[in-house]
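Here, each number is a calculation from the coordinates, and none is a lab measurement. Just so you know, these numbers come straight off a predicted model, no measurement behind them. Please note: Cβ atoms are built from the backbone with ideal geometry, for glycine as well, and neighbour counts cover all protein chains shown.
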Amino acid sequence: MNNILLKLDGVHTHIGAYHILHGVDFEVPAGEVTMLLGRNGAGKTTTLRTIMGLWQASRGNVTFDGQAIGGERGRRITPDISQLGIAYVPESMGIFSDLSVRENLLLAARNARTIDDIDTQRLEWLFGLFPAIRKFWLYPAGKLSGGQKQMLAICRAMVEPRRLLLIDEPSKGLAPTIVQNLIAALRELKKTQTTVLLVEQNFSVAKALGDRVAVMDDGRVVHRGGMAELADDESLQHKLLGLSLGAHQ
Ligand SMILES: Nc1ncnc2c1ncn2[C@@H]1O[C@H](COP(=O)(O)OP(=O)(O)OP(=O)(O)O)[C@@H](O)[C@H]1O
Ligand SMILES: [Mg+2]
């Protein structure tokens with residue numbers, strides 16, 4: 001345990017003329033859920049996009065399972081990230097509105113040509129976690145509610161075993177009861193020892209799921225540690241995240 005699956009080392013990212021990440025350093029241990037927290041505009045999404053190679057790191061290194069996948073050492077290699085078993089659920093969810101729920105899942109399964117190629121047990125497991133997926137199986141994904149779309153986006157990332165899941169704010173815009181379903185589903189995923197890097201604004205979600213935490217501010221990681229320790233330290237939360245004391249349980 002505690003092998004480091006993903007490592008960011010002094011990562012700088014420029015978007016056009018803007019210098020967004022100013023030396024991001026953190027590690028994601030295998031088999032754990034690492035939370036990436038921080039105020040709006042701190043650089044969380046930019047960090048995930050840099051890991052995925054959607055933005056180029058202008059300095060520093062991104063290493064996955066010992067292999068350079070981005071930054072100075074990775075630039076000449078540019079491996080196919082999806083071949084490495086990394087799945088990304090973006091803030092915008094990345095689902096195809098005109099296609100059915102079923103087709104959306106099938107397209108996400110790289111090793112399946114037809115739905116029959118998808119491991120039935122895994123599909124049943126997903127249906128159990130997200131009943132709406134079975135219920136709306138043949139519906140166009142665009143007709144699902146915001147919460148159901150979010151569930152579908154997460155299912156797409158979970159339809160095959162992955163080595164690393166990057167998920168950007170899955171609870172955004174969801175009703176509190178749906179957030180509880182989401183937590184339950186991600187807890188089940190956690191039991192499978194899937195390595196997850198999860199961006200969240202909802203501190204109770206972070207607290208319920210995180211093993212470790214990295215907190216970003218202004219394009220840098222300003223705190224790293226155990227999630228439980230941060231959850232127990234209200235003054236640190238206040239300092240790092242601006243959470244008001246007693247604002248959550
Ligand atoms: N395409 C872009 N062009 C220019 N600036 C950008 C672009 N994308 C992000 N930024 C800037 O980079 C900074 C970090 O943005 P990012 O989206 O990574 O933040 P975030 O931590 O994900 O915030 P949020 O919690 O609001 O999603 C912000 O100041 C943002 O304005
Ligand atoms: Mg973001």
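Based on Cα contacts under 8 Å between residues 6+ apart, the chain shows a relative contact order of 26 percent. Annotation: amide H-H contacts under 5 Å for Gly71 (H modelled 1.01 Å from N, sequence separation of 5 or more, or interchain): Ala57, Val62. Each peptide among 219-225, 30-36 gets the average number of other Cβ atoms lying within 10 Å of its residues, and from highest to lowest they stand as 30-36, 219-225. Rg and Dmax, both from the Cα atoms of the range 125-249 and both in Å, are 15.7, 49. Classify the range 1-76 as rounded, prolate or oblate, taking a ≥ b ≥ c as the square roots of the eigenvalues of its Cα gyration tensor: rounded when a/c is under 1.5, otherwise prolate if a/b is larger than b/c and oblate if not. Cα axes put the range 1-76 in the oblate bin. The calculated 222 nm mean residue ellipticity attributable to helices in the chain amounts to -9000 deg cm²/dmol, summing -39500 (n - 2.57) over DSSP H runs of n ≥ 4 and dividing by all residues. Amide H contacts of Leu37 (H built 1.01 Å from N, in plane; Pro and chain starts excluded): Ala214, Val215, Met216 sit under 5 Å, all sequence-distant by 5 or more or on other chains.
The equivalent ellipsoid that matches the C-alpha gyration tensor of the range 94-160 spans semi-axes of 17, 13, 10 angstrom, in descending order. Measuring how big the chain is from its alpha-carbon positions, Rg and Dmax come out at 17.9, 52 Å. The distance from the alpha carbon centre of the range 19-65 to that of the range 105-163 is 27 Å, rounded to a whole number.
So in the chain, what percent of DSSP beta bridges are antiparallel if you round to the nearest 5? Could you put the intermediate results ahead of the total?
On the way: 26 of 44 bridges.
Antiparallel bridges make up about 60 percent of those DSSP assigns within the chain.
For the chain, modelled as a GNM whose springs connect Cα atoms under 10 angstrom apart, the maximal fluctuation among Gly38, Gly53, Gly128 occurs at Gly128.
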